[in-house]
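Here's the structure, in structure tokens; my notes come after.
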Amino acid sequence: MTTAPHLITEIPGPRSRELHAQRTAAVASGFGITLPVFIARAGTSTLEDVDGNTLIDLASGIAVTSVGAANPRVRENVAAQLDLFTHTCFMVTEYEGFVRVAEWLNAHVPGDFEKRTALFSTGAEAVENAVKIARAHTGRPGVLVIDEAYHGRSLLTMAMTAKEHPYKTTFGPFPNDVVRGPNANPLRGEGPDAALSEIERIVIEHGADHFAALVVEPIQGEGGFIVPAEGFLSGLRRIADAHGIVLVIDEIQSGLGRTGRLFASEHEGVAGDITLTAKALGGGLPLSAVTGRAEIMDAAHTGGLGGTYAGNPLACAAALAVFEVLEDPELLPGVTRIEQSIRAHLEPLLAEFPVIAEVRGRGAMMALEFADPDTLAPRADLAQRVTAACHTAGVLTLTCGTHGNVIRLLPPLVIEPAVLDTGLEILSRSIRSIAAEEAAA
Ligand code: PLZ
């Protein structure tokens, strides 16, 4: 095996450029692109492109391929299922995989209470169904969400997502009864107390029986990998309890081992009434889940939930392989070592380059924010330049954040330590050269 990154052409290479031109002629231009490179095959933590270049994957297809994009256990389970049948529709005739996935989630999602699970295909669908279920349970309309939140691209979830561009521009009107409350972002000096009392005020202002659900990401994903100030999540739990609101924890990006615990909410000892998973759940196949208190989940009438592909058998077979990987006692300690390694590489840069405002995150969900040291004004230009330098050098990283000034790292949880080190060295080198250019300017 050649060591990654292994580049034999520039990035993107000639074949990728040719395919990209074909894509432009065939695919709706509404799809953006992070790196216009076409992938031919994947390794544990590498992506090989159609020009024969091997890239280091610090993105995992946006936190999806946590067990690797070519995991042999996933392949084995899916291939075995493929030999039997691909689809029945769980609402027409049943199959065991769906039940086993539901059982695993009921057993492992935080919350010491009886649970039920409903499976769907995408994250947005899980969010939408959580709102349907919370409304059925409470008989109330309102949905309370948080600043900088990301919950999806469907009409309701666009309304719940904070950022206007690119997610919402020209696509409204959106469903109403979605109200946004403040965040508790430590970098911006937002403690939990002010945010929580404002949220409490919003709840009271709308009337005690207005909100069905309060939906929150325990660490915000697209919004910038913001780890909320300690006490924020538990404060939201208290507000939800005090007002009979269903607390929905969106673990779609942060869940299933990503932060070094099975669920990010565990770091704060908080359990949602409903917890949402997707992304890593299907090991690359489309699968999402709504898991929650039995009495809440069962409030939706029979026939009220579903979807043609909900809990597809191939995706369920993949999930059962993902669970085996997550149950490996070595996995979560390995994720903590990923965090240590990322911090060891990146934290020393904080002292050298004041434009790096923060290195933050948990486990294999880590980020670096660029901002003016005096005003904290976002520096998206630096995040973009560093990202471009990483891409050119064969390391796939992503940006995020309302202002696009955050570089996020989402390596597969099974990344080999040597590959991670190489990727981080390239990232550090890119940061040094761009931050030094910036300091000289
Ligand atoms: N909730 C917390 O992170 C998806 C979006 C990529 P879907 N995040 C990646 C893009 O630009 O479309 C996400 C998330 C959280 C919900 C979702 C939505 O999940 O599977 O993309 O619908």
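The values are calculated or read from the model by the stated rules, or taken from the named source; none is laboratory data. As the structure is a prediction and not an experimental result, all values here were calculated from the model. Neighbour counts are summed over all protein chains in view; Cβ atoms, including those assigned to glycine, are modelled from backbone coordinates with ideal geometry. The protein model used for the area step is the full one, side chains on, heavy atoms only, and it has no ligands, DNA or RNA in it. Shrake-Rupley method; radii C 1.70, N 1.55, O 1.52, S 1.80 Å.
Among A195, A70, A40, the largest mean-square fluctuation in a Gaussian network model of the chain (Cα springs under 10 Å) belongs to A40. Size of the chain: Rg and Dmax of its alpha carbons, in Å, are 21.6, 67.
Quote the charge dipole size of the range 98-183 about the Cα centre in Debye, to the nearest 20; the model charges only the Cβ of Lys and Arg (+1) and of Asp and Glu (-1). Before the final figure, lay out the partial values.
On the way: 10 positive and 9 negative charges, 35 e Å.
Using only the charged Cβ atoms, the result is roughly 160 debye.
Evaluating 6.51 cos²θ - 1.76 cosθ + 1.60 at θ = phi - 60° for every residue in the range 185-197, the Karplus couplings come out as 9, x, 4, 8, x, 8, x, x, 5, 5, 4, 5, 5 Hz, glycine and proline recorded as x. Is any residue of the range 57-91 close enough, with backbone N under 20 Å, to a label point placed 7 angstrom from the Cα of S433 along the Cα-Cβ axis, and if so, which? Of the residues in the range 57-91, 57-58 have backbone N under 20 Å from the label point off S433. Ordering of 102-109, 249-256, 13-20 by packing is 249-256, 102-109, 13-20, highest average first (other Cβ atoms within 10 Å, averaged per residue). Peptides 300-311, 21-32, 319-330 ordered by packing proxy, namely the average of other Cβ atoms within 10 Å per residue, highest first: 319-330, 300-311, 21-32. Think of the chain as having a plus end and a minus end, set by charges on the Cβ of Lys, Arg, Asp and Glu; of G30, A69, S254, G30 sits farthest toward the positive end of this dipole. Projecting the Cα atoms of G284, A194, T157 onto the dipole axis of the range 73-326, where Lys and Arg carry +1 and Asp and Glu carry -1 at the beta carbon, places G284 farthest toward the positive end.
Only beta bridges with both residues in the chain are counted; by DSSP, about 65 percent of them are antiparallel. Taking amide H as placed 1.01 Å from N in the peptide plane, F120 has its amide H under 5 Å from the amide H of S288, A289, V290, G311, each at least 5 places away in sequence or on another chain.
Here the Karplus relation 6.51 cos²θ - 1.76 cosθ + 1.60, evaluated at θ = phi - 60°, turns the backbone of the range 427-439 into coupling constants of 4, 4, 4, 4, 5, 4, 5, 6, 5, 5, 4, 5, 5 Hz, with x for every Gly and Pro. The amide H of V246, built 1.01 Å from its N in the peptide plane, has A213, L214 as neighbours under 5 Å, considering only residues 5 or more places off or on other chains. Relative to the Cα centre, the charge distribution of the range 368-441, modelled as +1 at Lys and Arg Cβ and -1 at Asp and Glu Cβ, gives a dipole magnitude of about 140 debye.
Inter-label distance, D372 to R238: 3.7 nm, where each label sits 7 Å from its Cα along the C-beta direction. Summing Cβ point charges (Lys, Arg +1; Asp, Glu -1) relative to the Cα centre of the range 73-326 gives a dipole of roughly 420 debye. With the whole protein complex present, V99 retains an accessible surface near 60 Å², based on a 1.4 Å probe. Positive end of the charge dipole of the chain (Lys, Arg +1 and Asp, Glu -1 on Cβ, about the Cα centre): tell me which of G97, S428, A107 has its Cα farthest that way. Looking along the dipole axis, the top candidate is G97. Residue ranges 348-356, 208-216, 230-238 sort as 208-216, 230-238, 348-356 when ordered by packing (mean number of other C-beta atoms within 10 Å per residue, highest first). For the range 73-326, the solvent-accessible area of protein heavy atoms averages 39 Å² per residue (probe radius 1.4 Å; ligands and nucleic acids excluded).
Please arrange R180, R429 by accessible surface area, largest first, computed with a 1.4 Å probe and ligands excluded. Don't skip to the end; give the middle numbers.
On the way: R180 70, R429 150 Å².
Heavy-atom accessible area, descending, gives R429, R180.
FRET efficiency for the pair I39 and A294, taken as 1/(1 + (r/R0)^6) with r the Cβ-Cβ distance and R0 = 35 Å, rounds to 0.25.
I'd like the carbon and sulfur percentage of the solvent accessible area for the chain, probe radius 1.4 Å, heavy atoms only, ligands and nucleic acids excluded. After summing per-atom areas, the C and S share lands at 55 percent.
Full extension of the segment from Q340 to A194, taken as 0.36 nm per residue of separation minus the current Cα-Cα distance, would add 49.4 nm. Across the range 231-246, computed HN-Hα scalar couplings (Karplus, 6.51 cos²θ - 1.76 cosθ + 1.60, θ = phi - 60°) run x, 5, 5, 5, x, 5, 4, 5, 5, 4, 5, 5, 10, x, 9, 6 Hz from first to last residue, x flagging Gly and Pro. Close amide-amide hydrogen proximity is noted between E217 and D250, each under 5 Å apart and 5 or more residues distant or on a separate chain (H modeled in the peptide plane; Pro and chain starts excluded).
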